[in-house]
1. Check 51, 93, 107 and return the single one that is touching a helix residue (DSSP H, G or I) at 6+ places or on another chain (Cβ under 7 Å) and modelled with pLDDT of 70 or more.
2. Given the criteria in contact with a helix residue (DSSP H, G or I) (Cβ under 7 Å, 6 or more places away or on another chain) and surrounded by fewer than 18 Cβ atoms within 10 Å (Cβ to Cβ), does residue 182 qualify?
3. Just wondering, is there one or more residues in the stretch 131-138 that are touching a helix residue (DSSP H, G or I) at 6+ places or on another chain (Cβ under 9 Å) and surrounded by fewer than 17 Cβ atoms within 10 Å (Cβ to Cβ)?
4. Give me the pairs, please: first residue somewhere in the stretch 109-129 and on the phi < 0 side of the Ramachandran plot and surrounded by fewer than 18 Cβ atoms within 10 Å (Cβ to Cβ), second residue anywhere and part of a helix (DSSP H, G or I) and at pLDDT 95 or above, beta-carbon distance under 6 Å, and either six or more positions apart or on two chains.
C-alpha cells in the first residue's frame, strides 16, 4: 500500500489542490452572499426611510417646516416628488409640472449628496436633463451667494450646450478645490429650509 501511495503521489497532490480550491471558492461564495445580504438590507432600510419621509412630509405645513431638521425636511420634500415621479406614466412631465420650488429642492438634495460624497464637477458631469439647471436656479433662489459664482462657472464648463466656454481640466480642479473650501452643508440645508418656509 505504501508503494502505491508513493507511486501515485501526483494523485494526492491533485486531491490536495482540489481541496484548497474548494475551500477558497467556498470562502469567496460566502463573502459574496454576505455582501449581497448587506446590500439588500441597506436597500430595505432606505425604502423604509423613504416611505416614512413621504408620510411625514406629504402634507407640508409652515409649522412642520419650522420645527423640522433642515436636511431631513429637504430629503422629505425630495422623496414626495420622487414618489410622484415614480407613480406617473410620464415621469418627465410629472417633474416639469411640479412647482418650481419643489423641483429646485429636489435638485438641491441630490446636489448636496454628490458634492459632499464626490465633488462639484462630479454633480455636473454625472447628472443630465433638468437636474443641473434646477440646482443652479435653486442656489440662486435660496440665496446661497458664496457658492453661486463657483457653481455657475462649473455649470457653464460642464454644459455641453454652452459653446462659449470650453472644458478645462485645470480650471475644473481649481473650481472643485475652491468649492470644497467654501461649501457648508449645514448652512446650505438651513437656507433651503428658509426658502421652503418662504414659499409655503
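1. On the way: 51 fails: touching a helix residue (DSSP H, G or I) at 6+ places or on another chain (Cβ under 7 Å); 93 fails: touching a helix residue (DSSP H, G or I) at 6+ places or on another chain (Cβ under 7 Å).
Matching residue, one of 51, 93, 107: 107.
2. Working: in contact with a helix residue (DSSP H, G or I) (Cβ under 7 Å, 6 or more places away or on another chain): yes; surrounded by fewer than 18 Cβ atoms within 10 Å (Cβ to Cβ): yes.
Spelling it out, residue 182 is indeed in contact with a helix residue (DSSP H, G or I) (Cβ under 7 Å, 6 or more places away or on another chain) and surrounded by fewer than 18 Cβ atoms within 10 Å (Cβ to Cβ).
3. Quick first cut of the stretch 131-138, residues touching a helix residue (DSSP H, G or I) at 6+ places or on another chain (Cβ under 9 Å) only: 131-138.
Then drop every residue that is not surrounded by fewer than 17 Cβ atoms within 10 Å (Cβ to Cβ), which leaves 133, 137.
Among the residues of the stretch 131-138, at least one is touching a helix residue (DSSP H, G or I) at 6+ places or on another chain (Cβ under 9 Å) and surrounded by fewer than 17 Cβ atoms within 10 Å (Cβ to Cβ), which makes the answer yes.
4. 116/185; 122/114
The values are calculated or read from the model by the stated rules, or taken from the named source; none is laboratory data. Keep in mind that this is a model prediction, so the values were computed, not measured. Cβ sites come from the backbone with ideal geometry, for glycine too, and all protein chains shown count toward neighbours.
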